[in-house]
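Structure record follows, encoded as structure tokens.
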């Protein structure tokens, strides 16, 4: 499936693209190629790639900054700060714009509605050669914003781009952002274990607790939300795998936090 904006040789927009990365050689080319036709600046903050990621970026004219790793939120805000054009698109190193979304981005920036601070996009997971149209859907994420009008918040690793001004007007764009989050089930589960560790650390800092009961109820609830409420079963076996992986991620997060709590003597 093509990812480049099919507006062809149309002039780049007053748009900066912000990316953070480390060892993403399998996806970073798709990411960059999907935004090159519309962006005047692409900034990548790399925190120690050794797999050819930097070479791929530099071969495509990306402005690469070699930096340390302060955490997801801090790193993404660093990337925002490096953007110099009136609009900024924040995109992960395993995401890419499908042609319909690239057209919508071009239309929105060309129109430049002064009442709008930013735009949400719908992200869909690509798994085993096909887009998941029901699992995790819809997944609206604020990604296109006026430069200097939004910051990353939330808690690591679950960051969230939000307007600085409360009540700021945002809209939604037509089209799809492809998310290559599941190259294989094993890779996805491995990543969820790491995310569980980081999330548990964040929960500790926020004084959030969990319980043994949530080891059962949270995974079941996560599975039911996908299979029943989202209708993931309509994605066939892929949707069933996605639902099970979501349940595993919920279990891992609560198990990690419970283990940490017990280690501190806070729960016997």
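The values are calculated or read from the model by the stated rules, or taken from the named source; none is laboratory data. Every value quoted in this text rests on a predicted model; they were computed, and no experiment measured them. Don't worry about glycine lacking a Cβ; one is built from the backbone with ideal geometry, like all the others, and counts go over all protein chains shown.
Within the range 155-174, the presence of at least one residue that is more than 21 Å from residue 252 (Cβ to Cβ), crowded, with 16+ Cβ neighbours inside 10 Å and in contact with a helix residue (DSSP H, G or I) (Cβ under 6 Å, 6 or more places away or on another chain) is confirmed.
So that you can scan it fast, the table gives a plain yes or no per residue for (1) surrounded by fewer than 20 Cβ atoms within 10 Å (Cβ to Cβ); (2) touching a helix residue (DSSP H, G or I) at 6+ places or on another chain (Cβ under 6 Å); (3) closer than 19 Å to residue 149 by Cβ:
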{"residue": "29", "(1), (2), (3)": "yes, yes, no"}
{"residue": "35", "(1), (2), (3)": "no, no, no"}
{"residue": "48", "(1), (2), (3)": "yes, no, no"}
{"residue": "52", "(1), (2), (3)": "yes, no, no"}
{"residue": "72", "(1), (2), (3)": "no, no, no"}
{"residue": "87", "(1), (2), (3)": "no, yes, yes"}
{"residue": "93", "(1), (2), (3)": "no, yes, no"}
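Exactly one residue out of 202, 243 is surrounded by 14 or more Cβ atoms within 10 Å (Cβ to Cβ) and touching a strand residue (DSSP E or B) at 6+ places or on another chain (Cβ under 6 Å), and it is 202. Please determine whether any residue of the range 161-179 is part of a loop (DSSP other than H, G, I, E, B) and not assigned by TED's automatic domain parsing to the domain that holds residue 31. No, the range 161-179 contains no residue that is part of a loop (DSSP other than H, G, I, E, B) and not assigned by TED's automatic domain parsing to the domain that holds residue 31. The residues of the range 142-154 that are within 16 Å of the chain's Cα centre (by Cα) and surrounded by fewer than 16 Cβ atoms within 10 Å (Cβ to Cβ), listed by number, are 153, 154. Of the residues that make up the range 118-129, is at least one free of Cβ contacts under 8 Å to residues at least 12 places away in the same chain, in a loop (DSSP other than H, G, I, E, B), loosely packed, with under 15 Cβ neighbours inside 10 Å and over 18 Å from the mean Cα position of the chain (by Cα)? Yes, the range 118-129 contains at least one residue that is free of Cβ contacts under 8 Å to residues at least 12 places away in the same chain, in a loop (DSSP other than H, G, I, E, B), loosely packed, with under 15 Cβ neighbours inside 10 Å and over 18 Å from the mean Cα position of the chain (by Cα).
The requirement of being outside the structural domain of residue 154 (by TED's automatic domain parsing), part of a helix (DSSP H, G or I) and touching a residue at least 24 places away in the same chain (Cβ under 8 Å) is not satisfied by residue 244. Condition check: part of a loop (DSSP other than H, G, I, E, B), at pLDDT below 90 and more than 24 Å from residue 115 (Cβ to Cβ). Does residue 202 satisfy that? No: the conditions fail for residue 202. Looking only at residues of the range 210-234 that are part of a loop (DSSP other than H, G, I, E, B) and surrounded by 15 or more Cβ atoms within 10 Å (Cβ to Cβ), we find that the one that is nearest to the chain's Cα centre (by Cα) is 230. Condition test on residue 25, is it without any contact (Cβ under 8 Å) to a residue 40 or more places away in the chain and in a strand (DSSP E or B)? No; evaluated as a whole, the condition is false for this residue.
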